[in-house]
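> For reference, the structure I am asking about is given below.
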Amino acid sequence: MPDVAVVGSCMIDLITYSSRLPKPGETLLGLKFEKGFGGKGANQCVTAARLGASTVLVSSLGSDSNGQEYLKKLEEENINTAHIKTQENIHTGVAQITVTSSGENSIIIVQGSNLCLSGENVIEAKKHICSSKVLLCQFEVPLLATLEALRVYQGHGTSIVNGAPAVNNVDPDILRLADIFCVNETEAELMTGMKDLSISTAQQAVDKFFSLGCNTIIITFGAQGAIHASSKNKTAIHTPSETVKAVDTTGAGDAFLGALAYYISNHPGLSLQECIKRSNKIAAQSVTKLGTQTSFPSRKELPSELF
Ligand code: ATP
């Protein structure tokens, strides 16, 4: 039975490198093209699996070649794919990404098959979900599937919801049902209405999250690490990240969440702060390499004291 169940998205990243972004109506010659595996659900699941967690991904792919390639990739990562549905007549989710030489980017996501993930698909996976030590969800699949997963999982283990991509009015049931709700600073600003959120003003944001019905809250602050506050004492605690030479921060949030799910499920004796400290280290490691899943470290590349 799995340590971590992820109910979430799979997207194929279509990345074009270009000297600059095109103007409306303009056609540019790009510099390089790469295809990658992405989607927050799969990214977080891959991180947890590479650290050594047994994982199951509940997700939805199209019947196109992208879907077939993705399924093969997930199997190579030792992820249980028994609950990945292949949908007929719809394409696998894609993220059309343009990255300029100065590091600027523009992204268009077309969710495709991810929109087909239903409450029934979640019910079909109930046995796997409920026997997992951690349930991990994000906001790239229909809300009803996420809500169903959180409802069936209640009372079974630790549920973590990553409130990304940013949503203005998060369903209060999601906040109530998630044992841990995690967002980055931009998502936290949108949800709390705060401007220029920082570590020093994080307590205000935390208070707002508790008033919205959250249990434990985590806010990530990029190179500065993360703050968390538990429902018990409601005080924001800062855990700094590692100082590293960052080359590409894409997917850092997913590396952090996947690592957090790994530590909570595989090291139940660790405090939440220690889990966050180690997850910061995993995420920091990921920003030292290019790409998203290509940058997530595996257990054998990491120091033994992290395990
Ligand atoms: P992304 O959208 O780029 O995937 P995010 O905005 O969701 O990421 P961040 O808050 O940027 O998430 O980063 C998540 C975690 O990754 C941080 O809490 C930290 O542990 C680590 N991290 C990110 N950037 C850096 C960095 N430059 N140096 C060290 N650690 C970093």
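> Of Thr98, Ile109, Pro165, which is farthest along the charge dipole of region 74-179 in the positive direction, counting Lys and Arg as +1 and Asp and Glu as -1 at C-beta?
Towards the positive end, the residue furthest out is Pro165.
> Would you mind ranking Leu28, Leu135 by Cβ crowding within 10 Å, fewest neighbours first?
Lowest count first: Leu28, Leu135.
> Using 0.36 nm per residue of separation minus the Cα-Cα distance, give me the extension gain between Ser131 and Ala82 in nm, one decimal.
16.2 nm
> Just list whichever of Lys35/Lys245; Lys133/Lys232; Lys40/Lys73; Lys40/Lys277; Lys73/Lys133 have alpha carbons separated by over 19 Å in the model shown.
Lys35/Lys245; Lys133/Lys232; Lys40/Lys277; Lys73/Lys133
> So, in Å, what gap is there between the alpha-carbon centers of region 185-219 and region 79-101?
Between the Cα centres of region 185-219 and region 79-101 lies a distance of 31 Å.
> Output ³J(HN,Hα) for region 283-296: one whole-Hz value per residue in order, computed from phi by the Karplus curve 6.51 cos²θ - 1.76 cosθ + 1.60 with θ = phi - 60°, and x for Gly and Pro.
With the stated coefficients, region 283-296 comes to 5, 4, 4, 5, 7, 7, 10, 6, x, 9, 4, 5, 9, 7 Hz.
> Another one. Suppose every K and R has +1 on its Cβ and every D and E has -1 on its Cβ; what is the size of the dipole of the chain about the Cα centre, in Debye to the nearest 20?
500
> Toward the positive end of the charge dipole of the chain, about the Cα centre and with charges on Cβ (Lys, Arg +1; Asp, Glu -1), which of Ala255, Asn43, Leu144 goes farthest?
My answer, from the dipole projection, is Ala255.
> Given the peptides 269-279, 112-122, arrange them by the average over their residues of other C-beta atoms within 10 Å, most packed first.
Ranking, from highest mean packing down: 112-122, 269-279.
> Here's another thing I want to ask about it. Would you please give the residues with an amide H less than 5 Å from that of Ser18, counting only those at least 5 places away or on a separate chain, with H modeled from the backbone geometry?
Excluding prolines and chain starts, which carry no amide H, the hits are Leu31, Val99, Thr100, Ser101.
> Express in whole angstrom the spacing between the alpha-carbon centres of region 1-60 and region 253-293.
18
> State, as an integer percentage, the relative contact order of the chain based on alpha-carbon contacts under 8 Å between residues 6 or more apart.
It rounds to 17 percent for the chain.
Any read-out appearing in this document is the output of simple, stated calculations on the displayed coordinates, not a laboratory observation. The model shown is predicted, which means the values in this text are computed figures rather than measured ones. FYI the Cβ positions are ideal-geometry reconstructions off the backbone, even for glycines, and counts take in every protein chain you see.
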